[in-house]
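Asker: Quick one: this structure, given as structure tokens, is what I'll be asking you about.
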Amino acid sequence: MKTPLLTFILLSVLLLLVPLAQADTPASTDVSSDTPPSILRFGIHVSEMGNLDPHFAAGSQDRALADMVFNGLLRYQPGNAPKIEPDLAQQIPGFEMIGGQQVWTVKLRKGILFHPGPQTAAYELTAEDVAFSLKKSARREFCAYAGEYEGMTVVPVDRYTVRIIVEKPVSSILFLPKLTNYAGGFIVSKRAIEAMGYERFKRHPVGTGPFIFSQYQSGEKLLLRAHDGYFRGRPLLDGIEFHFIPEIDRREAALKNGRVDVIMGSGEKGWPEKMARQPGIAVDTHGVGEVATLYFNTRMKPLDDIRVRRAIAWALNREAFLDTMSKQFVGSVYSPVPAQFLPGGLMKADAEQLQLAYDQDLAKARRLMVDAGYPDGFTLDLVTSEKRLYRTYYEVMQRQLLPIGIDCRIAVETHSNMHKRIRRSLTPLVIYVAWRPNADAYLSRFFHSDAIVLRGAKPDTNFSHYDKVDALIEAARLEINPERQTQLWVQAQIRILDDMAAFPIMFTKQCYARKTSVDYGHPLVSTMALYPQFTEKTRMKLKP
């Protein structure tokens, strides 16, 4: 197990070191430069936006908006994550040890303009904006990812230089993602927030990205326009419209009849193949592979009994979940950190060797229910999202738990309301779909006691109310040696699986359908933003 995991670490480190020459690869030039202005209409799979502050982006609609409106000091290369390259920074920074402290120095590009806001004119990005943004990200009332940014002192050295001092030294593989266009790494406009107030900023975000926020009509559409002063060049698109279409059949019809140009598709069995046969439509699949995991509230009866948690795990069949999707989009996972994509996880063979794979065994599940004092089962009240993927996960689980006497009553909420409810109220079981950039982010945010919802020191997404692996997570975070760091991550997950605080189900890749006239302007392999990414190079090609 050690050798392949170390290989994953080394590959990830190499991926960070992308040649700078790749940062501004030109788009294809199969149409003339005098292409008329165009609006790309984007059909998304929810009924409303969640949070327009990029530091709270959780749903895929919010991540997409943040990706178009904001930049980070670094960015995941469009369409080719997890490769990292400079964004607002001139280059990928290194660190020095000064007086026993780890110090990272970031040099900013010059001439980068913030969008004009409701009460501010366009102005040049400076080190003050960077310091303001990273300090905002360290405060949980202003950032959902604050735990990742605490313990950092951010000091503007001059107009274009920022120094970041880290209390506890960390490896590059853990530090650099904090500066990317993801989670709390987005750089916001200090001047705009101070002028209009934070509450209004949440309704009118102001960034430096290729597109400028224009208007949000709740439940209908969100409008963006091209940023003429974008530092990589004015976008080829004149603007972008988000259209809120939760139902896949309506999104499909809208694409076929030309009312939208790109839609979030469906990995449901047969759908990609059906759409690919339509004239003038292309279907794309890409990473990252978002992981669906079932989290058990270990402090809430009857799930505070490990026998009940294990009974539920033995009752579940991963193949039944996989069978609801087209095979090219999915795969099983056996640990909270997906070993297929990141170092620090367990492959199937590892989990089986440790007897932690939990392959379905209904007889064992029923015996555990009897031993726990629930021979007739019980009822659980759960909440899911309107999104088809979430509903499917819960429905499959509901069917599989009935044979051991567990009746799941499932309430369906809008996606944003689902996120609120599972964070603000006690829920016995939560199925959550997420991608995180490294093992530390998965473990810290889902299993460290600080991240316990409602009562943690820094409430986040520890839906299991679990507190048994803090020491391992913290030790791994400070470990500079990649092999020892990986082994600590593995040990933490062995404990999590043995305690059955969470049951890893499967990963799903992204599925989007588009008109063949849409050219994203970059190869589409994998994106952290969870959509194909619309950049300054995205265009609508002219019909021949």
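The values are calculated or read from the model by the stated rules, or taken from the named source; none is laboratory data. All values derive from a computational prediction rather than experimental measurement. Reconstructed Cβ throughout: ideal geometry from the backbone, glycine too, with neighbour counts over all protein chains shown. All accessible areas refer to the heavy atoms of the entire protein, side chains included, with ligands and DNA or RNA removed. Shrake-Rupley method; radii C 1.70, N 1.55, O 1.52, S 1.80 Å.
Asker: Name the residue that is farthest from G287 (Cα to Cα), counting only residues in the range 359-369 that are open to solvent by 30 Å² or more (accessible area, probe 1.4 Å) and assigned to a helix (DSSP H, G or I). Step through it out loud before you land on a result.
Answerer: From the range 359-369, those open to solvent by 30 Å² or more (accessible area, probe 1.4 Å) are 359-364, 366-368; that's our starting set.
Checking the rest, the ones that are also assigned to a helix (DSSP H, G or I) come to 362-364, 366-368.
Details: L362: 34, A363: 37, K364: 36, R366: 38, R367: 40, L368: 38 Å.
So, considering only residues that are open to solvent by 30 Å² or more (accessible area, probe 1.4 Å) and assigned to a helix (DSSP H, G or I), the one farthest from G287 (Cα to Cα) is R367.
Asker: Right, here's the next one. Would you pick out the residues in the range 449-471 that are over 22 Å from L389 (Cα atoms), assigned to a loop (DSSP other than H, G, I, E, B) and free of Cβ contacts under 8 Å to residues at least 60 places away in the same chain?
Answerer: Listed by number, the residues that qualify are V453, L454, R455, G456, A457, D467, K468, V469.
Asker: Of all the residues that make up the range 124-172, how many are open to solvent by 20 Å² or more (accessible area, probe 1.4 Å), in contact (Cβ under 8 Å) with a residue 60 or more places away in the chain and not in a helix (DSSP H, G or I)?
Answerer: 9
Asker: Could you tell me which residue of the range 471-521 is nearest to S266 (Cα to Cα), considering only residues that are modelled with pLDDT under 95 and basic (K, R)?
Answerer: K509
Asker: Do you know which residues across the range 238-254 are more than 15 Å from L65 (Cβ to Cβ) and either at pLDDT 95 or above or in a helix (DSSP H, G or I) (or both)?
Answerer: To start, the set of residues in the range 238-254 that are more than 15 Å from L65 (Cβ to Cβ) comprises 238, 245-254.
Hits for the range 238-254 are D238, I245, I248, D249, R250, R251, E252, A253, A254.
Asker: State the number of residues belonging to the range 173-190 that are under 16 Å from the mean Cα position of the chain (by Cα), open to solvent by 20 Å² or more (accessible area, probe 1.4 Å) and within 25 Å of I212 (Cβ to Cβ).
Answerer: The number of residues fulfilling the criteria is 1.
Asker: Checking K387 against (1) at pLDDT below 95; (2) more than 17 Å from G50 (Cβ to Cβ); (3) buried (at least 20 other Cβ atoms within 10 Å of the Cβ), which test does it fail?
Answerer: The failed condition is (2).
Asker: So, one more: Quick check on the range 55-107: of everything there that is assigned to a loop (DSSP other than H, G, I, E, B), of a type outside the set (A, V, I, L, M, F, W, C) and modelled with pLDDT of 95 or more, which residue is surrounded by the fewest Cβ atoms within 10 Å (Cβ to Cβ)?
Answerer: So the first thing to find is which residues in the range 55-107 are assigned to a loop (DSSP other than H, G, I, E, B), and the list is 57-59, 70-71, 73, 77-79, 81-83, 87-88, 90-94, 99-100.
Imposing the further condition that a residue be of a type outside the set (A, V, I, L, M, F, W, C) reduces the set to 59, 71, 77-79, 82-83, 87, 90-91, 93-94, 99-100.
Remaining after also requiring modelled with pLDDT of 95 or more: 71, 77-79, 87, 90-91, 93.
Numbers: N71: 26, Q77: 24, P78: 27, G79: 19, D87: 25, Q90: 15, Q91: 13, P93: 21.
Among residues in the range 55-107 that are assigned to a loop (DSSP other than H, G, I, E, B), of a type outside the set (A, V, I, L, M, F, W, C) and modelled with pLDDT of 95 or more, the one surrounded by the fewest Cβ atoms within 10 Å (Cβ to Cβ) is Q91.
Asker: Does the range 259-306 hold any residues that are more than 19 Å from K327 (Cβ to Cβ) and assigned to a helix (DSSP H, G or I), and which are they?
Answerer: Scanning the range 259-306 gives a single hit, I306.
Asker: So, in the range 481-507, exactly how many residues are under 28 Å from V525 (Cα atoms) and open to solvent by 10 Å² or more (accessible area, probe 1.4 Å)?
Answerer: 3
Asker: Restricting to the range 401-437, and then to whatever is polar (S, T, N, Q) and open to solvent by less than 20 Å² (accessible area, probe 1.4 Å), can you tell me which residue is modelled with the lowest pLDDT?
Answerer: Filtering the range 401-437 down to residues polar (S, T, N, Q) leaves 414, 416-417, 425, 427.
After this cut, where a residue has to be open to solvent by less than 20 Å² (accessible area, probe 1.4 Å) as well, the list is 416, 427.
Values: S416: 87, T427: 95.
Among those that are polar (S, T, N, Q) and open to solvent by less than 20 Å² (accessible area, probe 1.4 Å), it is S416.
Asker: Of all residues in the range 329-358, which are open to solvent by 20 Å² or more (accessible area, probe 1.4 Å), assigned to a loop (DSSP other than H, G, I, E, B) and free of Cβ contacts under 8 Å to residues at least 40 places away in the same chain?
Answerer: Result: Q355, single match.
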